[in-house]
1. Only one of B:A369, B:A338 is outside any loop (DSSP other than H, G, I, E, B) and buried (at least 20 other Cβ atoms within 10 Å of the Cβ). Can you tell me which?
2. Mind listing whichever residues of segment A:271-294 are within 12 Å of the ligand (Cβ to nearest atom) and within 12 Å of chain B (Cβ to nearest Cβ)?
3. Please name all residue pairs, on different chains or six or more residues apart, with Cβ atoms under 6 Å, provided the first residue is in segment A:236-265 and is on the phi > 0 side of the Ramachandran plot and the second residue is part of a loop (DSSP other than H, G, I, E, B).
4. With the checklist (1) in contact (Cβ under 8 Å) with a residue 40 or more places away in the chain; (2) in contact with a strand residue (DSSP E or B) (Cβ under 6 Å, 6 or more places away or on another chain) in hand, flag the one item B:V228 doesn't pass.
5. Can you name the number of the only condition in (1) at the interface with chain B (Cβ under 9 Å from one of its Cβ atoms); (2) without any contact (Cβ under 8 Å) to a residue 24 or more places away in the chain; (3) surrounded by fewer than 24 Cβ atoms within 10 Å (Cβ to Cβ) that A:P172 fails?
6. Does A:F209 fit the bill of being in contact with a helix residue (DSSP H, G or I) (Cβ under 6 Å, 6 or more places away or on another chain), touching a residue at least 24 places away in the same chain (Cβ under 8 Å) and more than 16 Å from the ligand (Cβ to nearest atom)?
7. When you check B:Y77 against the structure, is it assigned by TED's automatic domain parsing to the domain that holds B:Y416 and touching a residue at least 60 places away in the same chain (Cβ under 8 Å), yes or no?
8. Name every residue in segment B:64-86 that is more than 7 Å from chain A (Cβ to nearest Cβ) and not aliphatic (A, V, I, L, M), in order of residue number.
Amino acid sequence: MSKTIFEISVPGCKGVTLPPRDPDIPLDEIIPQDFLREKPARIPELSEIDVMRHFIPLSQKNHCIEKGLYPLGSCTMKYNPKLNETLVRNPAFQNLHPLQPESTLQGTLQTLYELQQDLAEISGLDKVSLQPAAGAQGEFTGIRIIFTYHHSKGNTHKHKIIIPDSAHGTNPASCALVGYNVVELKSNAYGRCDLAHLKSIVDDNTAGFMLTNPNTLGLFEDQIEEIASIIHSVDGLMYLDGANLNALLGLVKPGKIGFDLMHFNLHKTFATPHGGGGPGSGPVGVCDKLAPFLPVPLIGKNDKGYFFDYSHQNTSIGKVHTFYGNVAVMLRAYFYIRTLGANGLRRVAENAIINANYLMALIKDYYHIQYPEYCMHEFVADSTWQKKEYGINTLNIAKRLLDKGFHAPTVYFPLIVPEAMMIEPTETESKDSLDAFAAAMIEIAQECKENPELLHNAPLTTPVRRVDDVLAAKLLDTSFPIKD
Amino acid sequence: MPYIPNTDEERKQMLEKIGVHSFEELIQAIPEKLRLKKPLNLTSPLSELELTQLVNLLASQNIDTQKFSCFLGAGVYDHFIPAAVDTIVSRPEFYTAYTPYQAEVSQGTLQYIYEYQTLICELTGMEISNASMYDGATAVAEAILMAVRKNRLKKAIISPTIHPEFIKVIQSYTAGIGLELIFCHTKDGRIDIDDLTSKMDENVGSVVIQTPNFLGNIESMNELEKVVHSNPKTLLIVSVDPISLAILKPPSSYKADIVTGEGQALGNNMYMGGPLFGFFATHKDMARLMPGRIVGATVDVEGKKAYTLTLQTREQHIRREKATSNICSNQSLCTLAATVYLSLLGKEGLIEVATQSAQKSHFLAQEIAYIPKFSLCYPETPFFKEFAVYCPVPAKRVIQDMLNKHIFAGVDLKPYGYDENTLLIAVTEKKTRTELEEYANALREMHYE
Ligand SMILES: Cc1ncc(COP(=O)(O)O)c(C=O)c1O
């Protein structure tokens, strides 16, 4: 294991030099001694090359998209175009302060304005706020909008939001944060919403319904119109968790099939990098009647140019970010949309769907698939066969995939499929790469039979072997004990 | 087609293998009438070259802080960023990976988060840090929610000197649980301690203070802390500028319970205000109440040191509506920039950045105070790198006039509820003495009446 940065610190070393002090006023003449730190913080001291030789080898311990398939279902780990990385580093984007006069921000404002328009067009919704910093914050924003909408009509009794049992954990967590009760909807035998159950739980107290479509099983919720009419009949609002929008680009507009509002995940659908966990960006789109509640400001345009639009300030839910959200992520998404255009985006959805179905076809004889129909952009296989026959579970299979140079799928989610392996190849994988992944999966199925020990011991070739999570929680060693 | 590697021929082969004749057969589940009949109305696709030209044109419509001299702050700061920071955050291994769910192939990410957490603990003096929040505003909002989980008291006192946008985000985040927010008064650009004292009671679950505060002033934390902890259940939540912690007392020294802050100043470009990142640290006995991801050290099956996400049972993917927060994706890459930034600067370098920022801001404050009709709003109050100035005319006009001289003079405080003549000026180590003198001269030459 690499030493921590604290262990390679050499007193007196410097990785950067700063200009000499000018003016040089003694600190205690400007800030009372009382406020001054007595003992300096023990920040490691290294030369620039030491820093590089620490972080570059660290980076090499990661799997990443450039190394191989990263089929994390629901996360849309598509390739991140390098052009966008170059363009976003233009100093005229990087070095903008959020409170500069609008006249000096016109280029970025125009870009964001057009991105708002493009997302509205893609979703079939009327207005978009780019402010939420990630998908979960988009959910929170959207559910706050639902709350504020009902309250504006005096419907304060509406206290529940319905969420399918296949939903991502952020959905119920976001609703709870807004103060709603979450009512869980069962899935039916086809992996879709159980309509009979839905009818039995919808009532006048229903504020809204939060649906992922295609759902987390990779299946299109084909009863969407009926669901929407049930929810709308009690003045509930239809929220789309847009994490899976990649499957719908140019094929379906969520705003035209019954959804009143949704969030986008720019870091999934629009090829912005996942950054080792973030930053992402989770814009929210709404239909006209919800537009007054969007966060402030939006980006507006008039005859003088582009501006921060606070005109709906009095009805808005307020703010969810200090300024305007993760702007550098939005810029990349805009570049991506400009590169692809309408046809390109549709081809993205088509190829994402073809890739997923192709992969499913290649492995379906080797792994159980609970809902074996054509899927959208992802599908959920499981290891129940392997578990029953050979005592091998999904975790073992996931770890073995790491040995073969692939990232594992999303595992044990959605919760309604035992031993789930949620596989989303994305459109940026070639046929060859899918063939190779399928071959690895098939090889592993073989190994389960012939050499189950291999799976119990996997991974064998990764930078570290299987990691002890239980010990981590027990030790709770979350920071390095720096020595003086 | 850009970024789609399969040829039409391969596509055909794949459809064959699937057992369908056309793509349309795969989307049978989508009712025919729900499908889009015509293409999206977007502008035509651009080649790499055309996009580059378009983006250069867009960028040319901006005037950035390398062109004009920047004295803007209010939460986002123009500090110097060493070149090696971008070299490291540009590594695909870091930026194209996702949350380190598979620890065995994510040790790079996990270790830098562990190091980041350590740095935050070292700067703040706290025991445990999470892996980041979206920004300084959500970090402090989540801290208030955590305090409610800890003591169940649904009343929070908010210092009026915290960032006004933080207050708006706090309002969004706490409305749902029916938290009562109480604002105390200010005196000389800081919390009025007598007013705070009078508002304290047994139902106050937390008191939220920013220092240096929105106006740049350093709060008297030692005295304030005693008032806050007069109720042993009340938690002291602070929001701090991480750069200031190089020279100012760490929050542990004044017994803060939860320490948060905006981390952008640590090696992240401003990008018109995002991405930012929030840091969040507290005492270990509250670890299980914390929001966000946390990385812990452990070993692998061979006993080799390793890192992994830990205490995940707090999180949304396991606890769902009972989770400590809804956060999933965070601001990881920004914390990598912060970790690299701090490693490059080192102990002395960070002190240098903080010291020079303080020196230069005080120098400029002095120069402005000498200008007829200009005065410091809080001449007796200590500040760090930012200060409020009272102008003879509306700040808006000063800003416009200075813009004509290629200077971003500061932040107009009127939209935040202050007198329209107040201007908030931030100075970082990046400013040269010449720039400071030019700023003062430009103001002087305005000859405002
Ligand atoms: C279906 C679904 N919903 C919501 C989210 C949350 O998005 P984010 O991580 O951007 O907050 C995710 C992703 O992680 C997801 O897969």
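1. Working: B:A369 fails: buried (at least 20 other Cβ atoms within 10 Å of the Cβ).
None of the other options fit; the residue is B:A338.
2. A:T272, A:H274, A:G275, A:G277, A:G278, A:P279, A:G280, A:S281, A:G282
3. Cβ pairs passing all conditions: A:G250/B:L40.
4. B:V228 satisfies all of (1) in contact (Cβ under 8 Å) with a residue 40 or more places away in the chain; (2) in contact with a strand residue (DSSP E or B) (Cβ under 6 Å, 6 or more places away or on another chain) except (1).
5. Of the numbered conditions (1) at the interface with chain B (Cβ under 9 Å from one of its Cβ atoms); (2) without any contact (Cβ under 8 Å) to a residue 24 or more places away in the chain; (3) surrounded by fewer than 24 Cβ atoms within 10 Å (Cβ to Cβ), the odd one out for A:P172 is (3).
6. Values: in contact with a helix residue (DSSP H, G or I) (Cβ under 6 Å, 6 or more places away or on another chain): yes; touching a residue at least 24 places away in the same chain (Cβ under 8 Å): yes; more than 16 Å from the ligand (Cβ to nearest atom): no.
No: the conditions fail for A:F209.
7. yes
8. Answer for segment B:64-86, where residues must be more than 7 Å from chain A (Cβ to nearest Cβ) and not aliphatic (A, V, I, L, M): B:K67, B:F68, B:S69, B:F71, B:G73, B:Y77, B:H79, B:F80, B:D86.
The values are calculated or read from the model by the stated rules, or taken from the named source; none is laboratory data. These numbers come from a predicted model, not from an experiment. Reconstructed Cβ throughout: ideal geometry from the backbone, glycine too, with neighbour counts over all protein chains shown. To get the accessible areas, we keep the full protein, side chains included, count just its heavy atoms, and leave off ligands, DNA and RNA. Shrake-Rupley method; radii C 1.70, N 1.55, O 1.52, S 1.80 Å.
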